1. Any residue in the range 26-44 that's under 24 Å from residue 170 (Cβ atoms): show its pairings with residues that are among the basic types (Lys, Arg) at Cβ separation under 7 Å, as long as the two are six or more apart or on different chains.
2. Could you count how many residues in the range 329-375 are closer than 30 Å to residue 413 by Cβ and aliphatic (A, V, I, L, M)?
3. Regarding the range 221-229, can at least one residue be identified that is of a type in the set (A, V, I, L, M), surrounded by fewer than 19 Cβ atoms within 10 Å (Cβ to Cβ) and outside any helix (DSSP H, G or I)?
4. Could you check residue 215 against (1) without any contact (Cβ under 8 Å) to a residue 12 or more places away in the chain; (2) part of a helix (DSSP H, G or I) and say which number it fails?
5. With the range 516-627 as the region, which strands (runs of 3 or more DSSP E) entirely inside it contain at least 2 residues that are in contact with a Cys (Cβ under 9 Å, 6 or more places away or on another chain)?
6. Condition test on residue 599, is it β-branched (Val, Ile, Thr) and either under 20 Å from residue 311 (Cβ atoms) or within 31 Å of the chain's Cα centre (by Cα) (or both)?
7. Can you tell me how many residues within the range 197-215 are farther than 19 Å from residue 251 by Cβ, of a type outside the set (A, V, I, L, M, F, W, C) and out of contact with any strand residue (DSSP E or B) (no Cβ under 8 Å at 6 or more places or on another chain)?
8. Conditions: (1) of a type outside the set (S, T, N, Q); (2) modelled with pLDDT of 95 or more; (3) within 36 Å of the chain's Cα centre (by Cα). Residue 70 meets all but one. Number of the miss?
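The values are calculated or read from the model by the stated rules, or taken from the named source; none is laboratory data. Because the structure is predicted, anything quoted here is derived from the model rather than measured. Note that each Cβ is placed from the backbone with ideal geometry, even for glycine, and that neighbours are counted across all protein chains shown.
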Amino acid sequence: MKYFIIDFDSTFTKVEALDVLGEISLADSENKEESLLKIKNITNAGMAGGISFKQSLEQRLDLLHANKKHLPLLIKKLKDQVSESIKRNRAFFEEYADHVLIISSGFREFIEPIVTEYGVKSKNIYANEFKEDAHGNLISFNPDILLSQDNGKVKLLQTLNLQGDVHVIGDGYTDYEIRKAGLAAKFYAFTENVIRDIVVENADHVAPTFEEVLYINKLPMAVSYPKNRIKVLILENIHQEATRLFKDEGYQVEIINSALDEDELCEKIKEVSILCIRSKTEVTKKVLENASRLMAVGAFCIGTNQIDTKTCQEKGIAVFNAPYSNTRSVVELAIGEIIMLMRQIPDRTAEMHAGTWSKTATGSFEVRGKNLGIIGYGNIGTQLSVVAEALGMKVFYYDVIDKMPLGNATQCKTLKELLNIADVVTLHVDGRKSNTNIIGEKEFEEMKQGVIFLNLARGHVVDIAAMTAALKSGKVAGAGFDVFPYEPKNNKEEFINELRGMKNVILTPHIGGSTAEAQFNIAAFVPDKMISYVNTGNTFHSVNFPAIQLPKLENAHRLIHVHRNVSGILAQINNSLAKHGVNIMGQYLKTNDLIGYVITDIDKKYDEAVMKDLKQIENTIKFRVLY
């Protein structure tokens, strides 16, 4: 038999009740802020073991100047401050009411109205009690209650003499003292609301949420898996908004601001559930072979060619990206560079910095009336088309897929046709292998003499040697490059490329999408999709999973089954459910060339044996349960 002893302040609730009482009782005091700070410091000193508990209690009551008339408002405020994981697991407290004890150094007058609403029995509440004067002022506490004394929790446990394993959950040193005295089998430092180093250091186990306690003890909980056990690895200096979203969700987050090479990532990814990268980190088959817990990969950029999405499919790992979030930023950089290169601004700027005044109009042109050739008419290409046309440019585009033109843009039937027409050529293709060196010596020969050329797409889509030759010959009058076949892993590594030092060439360190707006938008978009996938099974916006947008899960358990796309899987799933008498409340199936994705919402009551059956269906890739 197990007993769970739970502290009240900063454990059952998010706050220290006496601190909140001070906010109420001292509302009209001139020394309110000073007194509240003193109360808080005394609370922390007592919780950390810096002063005796009795001293802490006496000093705080002296400062509070509280009256019993303040208690109803205090209770109302505390009801709104119950810890989130406690609220989620109300069913546990109701089912295991005989095994849950609230042992607190706080006061019964405000504790009992809170915890009994969650099924905790009054007889299992142990707390102090106020003493009041004739005017209802809360002047002291009942000294006969053991909890008012130093080491009071230990003394109380000795008198209770509980027969069974005692597990203590709390945030303060007085909770640890029960374990230290040998009266508990385990002490959990509850860190959902406050982290005290001395408490964490002495804990048998750190519990960021109450689900962690339930999970360790194999007890029913409100969620299918403790969120604090979901590990997120964020690489490549991704905007801190992503970190905030993952932490707010309760996930563990590790941040490394640079990219990792294959061997480094193979080592790091072993315990990771969610991987967040940008364009430099390669998620290879070898990396994925080491990723035993990986559920999702997020590319915080447009492209996903740095990720082996096929192997991800084979392993049931969903991949997400940000197809729209940085589009405007890349378009604005392209427009800016076109104007700068047409006016030979890079050369004029370099000359001025060297002290040379070279005022000339030779080789300097307006963009108005010029032909812009866009290779790749996707999200960026189409928006660039609209903005360029607003500047008076004539827009032509080429794409391997028929795309509807926006505005007055004209589609070219061949790449050669576009290259022959364009005064400015700009690349906005994806990074698939077939696009390697799509612009080389032959393509430069097809271009107009004195053309302006931009590559803000992928480093490997242009033959750099051919590009260099075209610049030296004057075939290309100016160029802008934001991406390169090899890019440094971090800001400390030297950038080496043949284009360095070339005239009228703008080189930027892959910053097309590096604006504050774009990075924030990406950091908000991608985590939202990944969290939704982990929490609900939604695959909308996944680049490698069948796209399913699911309804909210209510009063049911959700079975998520990823399998190879072979016939008969759905029938086997339903046969297993029928065999065990499981009631299906909703079911969704979608497939692509490689995998099938089945979502089944079922009644909460079922035999656990059905889960084993579903996992053992042939061609199953991954199976999990959500509730």
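1. From the range 26-44, the pairs are 39/60; 42/60; 43/60.
2. 13
3. yes
4. Every condition holds for residue 215 apart from (1).
5. none
6. For residue 599, the condition - β-branched (Val, Ile, Thr) and either under 20 Å from residue 311 (Cβ atoms) or within 31 Å of the chain's Cα centre (by Cα) (or both) - is met.
7. The total comes to 2.
8. Failed condition: (3).
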